[in-house]
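Structure first, commentary second.
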There are 2 protein chains.
Amino acid sequence: MISMSLDRLDLAILTALHEHPRAGVLEISRITQVARATVQARLQRLESTGVVTGYGPDIDLEAAGQHVSAFVTLEIAQGALDQLAPELEAMPTILEAYATTGSADVLCKVAASSHADLQETLIALNRSPSVVRTTSVVVLGTVVAPRVLPLLERSAEQRDARAPAYRTRST
Amino acid sequence: MISMSLDRLDLAILTALHEHPRAGVLEISRITQVARATVQARLQRLESTGVVTGYGPDIDLEAAGQHVSAFVTLEIAQGALDQLAPELEAMPTILEAYATTGSADVLCKVAASSHADLQETLIALNRSPSVVRTTSVVVLGTVVAPRVLPLLERSAEQRDARAPAYRTRST
DNA sequence: GCTCATGCTGATCATTATGACCAGTCCAAT
DNA sequence: ATTGGACTGGTCATAATGATCAGCATGAGC
């Protein structure tokens, strides 16, 4: 997997996109102080390299009625991961799932409309022939809301771009 | 917290937005077979009720060079959550964090550019006066990629809208 | 059945943006 | 010094936008 390095202009564009919902290319070029064609070229590159995978919409599940959130770990039968993946995909309450190191094999982020709904998910998981054991913790509150830009900012802050507004200490 | 119920037209709009990146309102109205002003009104409502919180961009951190991902649990000192939150916010590698039930108090999703970078995060966490103990698991792979629409589809599928294309079994 | 509030429609207006493309200049790597 | 690629300001034909509106349809409540 080749990954690309983002520079300060990439970051400015991503930030502008995030902070100005549904802004078009011309508006982004105004905010970032580069030519419109430059924004187009940069977006094209961010999309074609897979850094930008889409444009939301970003959804708050709680506002949409899904008030319960939990993390569930699964110990699975030896070699059962290939079997389990489509099972998890077929459960709408599984928001995301990862194979991990540690005593459990899979960690899932789950959302549900109620505790009963969550319990149904757990029951379904326990019923799977691939799953040996589950543990779960319920989310009580959000300490840090989901974000990725601070991490990208950190790595991009040293990388100038050629556009005048993005050269070393020029602005 | 009042939450709104989504109906089939809400879902069609959200889905169209997701599947047609940067599509404008007119295009969404074509895809969903309702009037443009209806899409505008629906989006306005989805945004003002907090269901839609933004429009990305959706970023693949791995493509952007952050190749390591982990989940970290924290046991914290009694009553130290208020103190910890700004500390976590200040660490760019903390993508999201939740207070949870269970033996640990906080669960964090972490990304980093390398295992050394991840270790630095863990060291910083252990150095915090609020943190008594940390455990971590490293993500080996993605089993289910992040998604929310299947869950919303499930709850919206019974709810017709008044637009002709969205009445009971009319289409 | 009747009433009425609300959702949906197709339309208008003035303004602006879009995608695609281009020739020229600039800059950083070699 | 050379050169490839990044960036610029610009063009073209086309289409979209936000805001608004009057009218119609529908479904909930009585």
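The values are calculated or read from the model by the stated rules, or taken from the named source; none is laboratory data. Because the structure is a prediction, the values reported are computed rather than measured. For neighbour counting, all protein chains shown are included, and Cβ atoms are generated from backbone atoms with ideal geometry for every residue, glycine included. The protein model used for the area step is the full one, side chains on, heavy atoms only, and it has no ligands, DNA or RNA in it. Shrake-Rupley method; radii C 1.70, N 1.55, O 1.52, S 1.80 Å.
Worth pointing out:
- Residues (in a helix (DSSP H, G or I), of a type in the set (A, V, I, L, M, F, W, C) and surrounded by 15 or more Cβ atoms within 10 Å (Cβ to Cβ)) located in segment B:28-41: B:Ile28, B:Ile31, B:Val39
- Out of A:Leu17, A:Leu9, A:Leu43, A:Leu26, sole residue that is within 16 Å of DNA strand D (Cβ to nearest atom), under 26 Å from B:Thr53 (Cα atoms), in contact (Cβ under 8 Å) with a residue 60 or more places away in the chain and not small (Gly, Ala, Ser): A:Leu9
- Listed by first and then second residue, the pairs with beta-carbon distance under 7 Å, at least 6 apart or on different chains, first residue in segment A:64-75 and within 11 Å of A:Cys108 (Cβ to Cβ), second of a type in the set (D, E, K, R) and at pLDDT 95 or above, are A:Phe71/A:Lys109; A:Leu74/A:Asp105.
- Top-ranked residue of segment B:91-111 - restricted to ones that are more than 16 Å from the chain's Cα centre (by Cα), under 14 Å from B:Phe71 (Cβ atoms) and surrounded by fewer than 20 Cβ atoms within 10 Å (Cβ to Cβ), ranked as farthest from the other protein chains (Cβ to nearest Cβ): B:Ala104
- Residues in segment A:10-23 that are within 12 Å of DNA strand C (Cβ to nearest atom) and surrounded by 22 or more Cβ atoms within 10 Å (Cβ to Cβ): A:Leu17 alone.
- Note on segment A:42-61: among residues that are touching a strand residue (DSSP E or B) at 6+ places or on another chain (Cβ under 8 Å) and part of a loop (DSSP other than H, G, I, E, B), the one that is surrounded by the most Cβ atoms within 10 Å (Cβ to Cβ) is A:Pro57.
- Residue selection: A:Ile94 satisfies the criterion of being in contact with a helix residue (DSSP H, G or I) (Cβ under 9 Å, 6 or more places away or on another chain), of a type outside the set (Asp, Glu) and not assigned by TED's automatic domain parsing to the domain that holds A:Ile13.
- Within segment A:112-129, tally of residues that are within 22 Å of the chain's Cα centre (by Cα) and surrounded by fewer than 19 Cβ atoms within 10 Å (Cβ to Cβ): 1
- Residue ID - nearest to DNA strand D (Cβ to nearest atom), chosen from residues in segment B:116-148 that are part of a loop (DSSP other than H, G, I, E, B) and closer than 30 Å to A:Gly54 by Cα: B:Val148
- Across segment B:149-171, the qualifying residues are those that are away from DNA strand D (no atom under 16 Å from the Cβ) and at pLDDT below 90, and the one among them that is least open to solvent (accessible area, probe 1.4 Å) is B:Ser155.
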